[in-house]
Amino acid sequence: MRALYEQVYESLKQDILSLKYKTGEKIPSEKEIAEAFSVSRITSKKALEKLVQEGFVYRQRGKGTFVLNTSQVSDHIEEKNQTKPVFGLIVPNFADSYGTGIIEAIEEEADGKCFIMLKRSHGIPEREEKAIKELLAFGVDGLIVFPAKSEHYSLEIMKMIVNKFPFVLIDRSFKGIAAPSVSSDNFNAAKKGIKYLFDIGHEHIGILIPEDFEITTIEERLNGVVSAFAENEVSVNKAYWCDTIKRVPTTEKRDIELIKQYLIENPDLTALMALEYKIAVLAKIAVEQLDKKVPEDISILSFDSPALGSMEWSFTHLKQNEGEIGRRAVQKLLKMQENGLESEKEEIKATFHEGNSTQPHVNVITSEL
C-alpha cells in the first residue's frame, strides 16, 4: 500500500488534471487538506511538496498554493529547489547569563541552510501560544520553542505533537510527553557542583531554588543535588532548602530579605548552591547586607554566569553549552524535514568553571589552654 501522503498527492493531482482547480487558482491549505483527508499536517505538507516537485503547483509564502500552467513548470521547479526552509524561534527573553548564546548559535547554524523568524513570549504562556499560532499561520516549516512553562502542557505544542509538525523544545521537556528536545544534562551538572563543594570541605550546603521549581530543568537539578548527597553519604536536610525565591525584577527586595532571613536562621551554612544565576546574584547581595563576605564567610556556586574579562569578579559556576544546544536544535529540525517528527530528548554536558565566589572551608577547632 502506498504511503498516505502519496495517496493524498494522487487525489490532488487528479483534481488538477480534471480542471477542478484551474491554472492560477488557489488549492486547499495544508490544514484544509489534513482535515479533508483525515491525515496529519505533516502528511498534507508532504503531499503538497510532491505536487510542487512534480510541477503541478507553486507555493507563495503567506498566500497559499496555486496551480501552474505548463510554461511555468520548469521555472517554479528551479525556484523550489533553491528555496530554504523557514523556521520560527520563540524565546522568553534575552539574558546575558543564559539564552543569548543559544540564539547566536541558531543564527550561525542556520546560515545558508534555513531562515529564522524570532518572536519573544516574555515568559507568558498566552503570548507563547499566540506566537506559535502566528508563525504556523505564516507557513513556517518548523519551530524551535523555549517554553515559557513546562509544568503545564501548552495546547499549541500538544497540537504540533498530534499533527506531527516538526518542532524542537530547548531547555525544557514535558513530563510524560514524548517530544523532541535539546537541553543541558542538568542532573549530572548539579551532581558535579555539589561534589565540588564537598571536595573543598563544605558540609553544610544551602540550596537556593526558584519558586516555580516544577520546571523540568529545576527538577532535574534538584534530583542531581539529592543524588550527590547520597553518593557522599550525607543526609539531605531540607531545612537548608530555600524554595520561594521569585527572582523577577519586581520582587528583588523581597527576595533579598527572604534570603537574609534564611541565612540568619541557618548560621551553620558555609556554602550555597543557586540553581539559577539570578538567584546567585541576589544571594551575594543578601550576604553582603549581613556584613559578611563572599567567599570568605560563605561560598556561592551557580548555574551559568555572564562572560566576563579575565580581571573581573565572577561566580564559580556550571556553564551550559549554549552553542551546542542551539546548533543541535537547528540540525534536528533540518533532519525532520526529511524524516518527519521524532521524539528524542538530547542532553548536552555542562562544564565547571571556577570563579571568585568559592573557597575551601576548613573546620577550626579551638580549645582553652
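The values are calculated or read from the model by the stated rules, or taken from the named source; none is laboratory data. Values in this document were obtained by computation on a predicted structure and should not be read as measured data. FYI the Cβ positions are ideal-geometry reconstructions off the backbone, even for glycines, and counts take in every protein chain you see. These accessible areas exclude ligands, DNA and RNA; they are computed on the full protein's heavy atoms, side chains included. Shrake-Rupley method; radii C 1.70, N 1.55, O 1.52, S 1.80 Å.
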How many residues does the range 240-251 contain that are over 19 Å from Ile207 (Cβ atoms) and either more than 25 Å from the chain's Cα centre (by Cα) or among the aromatic types (Phe, Trp, Tyr) (or both)?
0
Can you tell me which residue is farthest from Ser183 (Cα to Cα) among those in the range 313-352 that are open to solvent by 50 Å² or more (accessible area, probe 1.4 Å) and among the basic types (Lys, Arg)?
Lys335
Within the range 81-103, how many residues are under 20 Å from Ala131 (Cβ atoms) and out of contact with any strand residue (DSSP E or B) (no Cβ under 9 Å at 6 or more places or on another chain)?
2
So which residues in the range 99-133 are loosely packed, with under 15 Cβ neighbours inside 10 Å and within 18 Å of Ile42 (Cα to Cα), if there are any at all?
Lys133
Of the residues that make up the range 166-187, is at least one of a type in the set (D, E, K, R) and at pLDDT 90 or above?
yes
Can you name the residue in the range 86-111 that is modelled with pLDDT of 90 or more and outside any helix (DSSP H, G or I) and is also nearest to Val281 (Cα to Cα) among such residues?
Val91
Whether any residue in the range 204-214 is farther than 25 Å from Gly355 by Cα, touching a residue at least 12 places away in the same chain (Cβ under 8 Å) and open to solvent by less than 50 Å² (accessible area, probe 1.4 Å) is what I want to check.
yes
Does at least one position in the range 190-211 carry a residue that is under 14 Å from Ile90 (Cα atoms) and of a type in the set (Phe, Trp, Tyr)?
no
Could you please give the count of residues in the range 8-29 that are without any contact (Cβ under 8 Å) to a residue 40 or more places away in the chain and under 37 Å from the mean Cα position of the chain (by Cα)?
3
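So, Val236, is that one surrounded by fewer than 17 Cβ atoms within 10 Å (Cβ to Cβ), under 19 Å from Ala189 (Cβ atoms) and among the hydrophobic types (A, V, I, L, M, F, W, C) or not?
yes
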What are the residues in the range 25-57 that are out of contact with any strand residue (DSSP E or B) (no Cβ under 6 Å at 6 or more places or on another chain), at pLDDT 85 or above and either in a strand (DSSP E or B) or on the phi > 0 side of the Ramachandran plot (or both), if any?
Ser38
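Quick check on my filter: what residues within the range 292-307 are at pLDDT 95 or above and either open to solvent by 50 Å² or more (accessible area, probe 1.4 Å) or part of a loop (DSSP other than H, G, I, E, B) (or both)? Talk me through it step by step, then tell me what you get.
Of all residues in the range 292-307, those at pLDDT 95 or above come to 292-302.
Listed by number, the residues that qualify are Lys292, Lys293, Val294, Pro295, Glu296, Asp297, Ile298.
Surrounded by 14 or more Cβ atoms within 10 Å (Cβ to Cβ), modelled with pLDDT of 95 or more and touching a helix residue (DSSP H, G or I) at 6+ places or on another chain (Cβ under 9 Å): does that describe Ile218?
no
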May I ask you to verify whether Ala178 is of a type in the set (Gly, Ala, Ser), open to solvent by 30 Å² or more (accessible area, probe 1.4 Å) and within 20 Å of Arg328 (Cα to Cα)?
yes
For Gln289, only one of the following conditions fails: (1) in contact (Cβ under 8 Å) with a residue 60 or more places away in the chain; (2) open to solvent by 60 Å² or more (accessible area, probe 1.4 Å); (3) in contact with a Lys or Arg (Cβ under 7 Å, 6 or more places away or on another chain). What is its number?
(1)
